[in-house]
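Here's the structure we're looking at; comments come further down.
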Amino acid sequence: MLVLVIGDLHIPNRAHDLPLKFRKLLVPGKIQQIISTGNVCDKETFDYLRSVAGDIQVVRGDYDQNASWPLSKIITHGPIRIGVVHGHQVIPWGDTEALNITARQMDVDILLSGHTHKFEAFEHEGKFFVNPGSATGAFHPQIEDVTPSFVLMDLQGSVVVLYVYQLIEGEVKVEKIEYRKPFDNRAI
């Protein structure tokens, strides 16, 4: 299953739109699900994402006005449990140990979070942590130049292949990262 992980768009507050080179890549019919780490901000942007994939899962960021969106969510794909939070509630922001505590509390294999506007993907204590960054490159007070980024996550049983898309110097660069869920001896 191909899942778009996207967040921190901040349209129209801090950015006007997705970069055109990203819009050309995000076409309907290719992506089965979208998971947003929040700060979508406006209905038009949400509607655009829904046109790319009808199955859209969203958590509320600190700038989102839609009170019906939850602050956290757990999504299961086969043997993989994915936790989603915006990240503003994980203190200190982007901290490995704080994220690990959140992942353990949610009992998930993968934790998707945002808020820092900076792409990250790493394994820690058998769990996988992904921050898709800001798809628009929206301003963040702690980062001088935000690199626009999003992630496509290809779920294949207990294997997850990430394709990281970053807009660097006007060109889309793609990086591939793989995560394998560790075998759980407790299940035997």
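Please state the equivalent ellipsoid semi-axes for the chain: what are the square roots of 5 times the Cα gyration tensor eigenvalues, largest first, in whole Å?
So the three semi-axes of the chain are 25, 18, 16 Å.
What residues of region 85-102 lie in the reach of a label at E125, counting those whose backbone N is under 13 Å from a point 7 Å from the Cα along Cα→Cβ?
The answer is 96-102.
As an exercise, identify the trypsin sites (Lys or Arg not before Pro) in region 26-79 lying in DSSP coil whose Cβ has no more than 13 other Cβ atoms within 10 Å.
Taking region 26-79 and a limit of 13 other Cβ atoms within 10 Å, the loop trypsin sites (Lys or Arg not before Pro) found are K30.
Pairing the Cα long axis of helix 43-52 with the longest principal axis of the chain, what angle in degrees results, from 0 to 90 and rounded to the nearest 10?
In the chain, helix 43-52 runs at an angle near 60 degrees to the longest axis.
By how many degrees, between 0 and 90 and to the nearest 10, does the Cα long axis of helix 96-106 differ from the longest principal axis of the chain?
Compared with the principal axis, the helix lies near 70 degrees.
Rank Y163, Y48 by accessible area, highest first, at a 1.4 Å probe radius?
I get Y163, Y48, largest accessible area first.
Taking the Cα-to-Cβ direction at K43 and at T96 and moving 7 Å from each Cα, how far apart do the two end points lie in nm?
4.4 nm
What size of dipole, in debye to the nearest 20, comes out for region 30-188 about its Cα centre when the only charges are +1 on Lys and Arg C-beta atoms and -1 on Asp and Glu C-beta atoms?
In total the dipole reaches around 540 debye.
Please report the net charge: other residues with Cβ closer than 9 Å to the Cβ of I82, K and R +1, D and E -1.
Around I82, the surrounding residues sum to +1.
How would you classify region 80-188 from its alpha-carbon gyration tensor, with a ≥ b ≥ c the square roots of the eigenvalues: rounded for a/c under 1.5, else prolate if a/b is greater than b/c, otherwise oblate?
Oblate, since a/c reaches 1.5 and b/c is not below a/b.
Restricting to DSSP H runs of at least four residues, report the calculated mean residue ellipticity at 222 nm for the chain, -39500 (n - 2.57) per run over all residues, nearest 500 deg cm²/dmol.
-4000 deg cm²/dmol
What does the extension gain come out to for D62 and Q142, with contour length at 0.36 nm per residue minus their alpha carbon separation?
Taking D62 through Q142 to full extension adds about 27.2 nm, to one decimal.
The values are calculated or read from the model by the stated rules, or taken from the named source; none is laboratory data. Since the model is a prediction, treat every value here as computed from it, not as a measurement. So basically every Cβ, Gly included, is an ideal-geometry build from the backbone, and we count neighbours across all protein chains shown. Side chains are part of the model used for accessible areas, which takes the heavy atoms of the whole protein and leaves out ligands, DNA and RNA. Shrake-Rupley method; radii C 1.70, N 1.55, O 1.52, S 1.80 Å.
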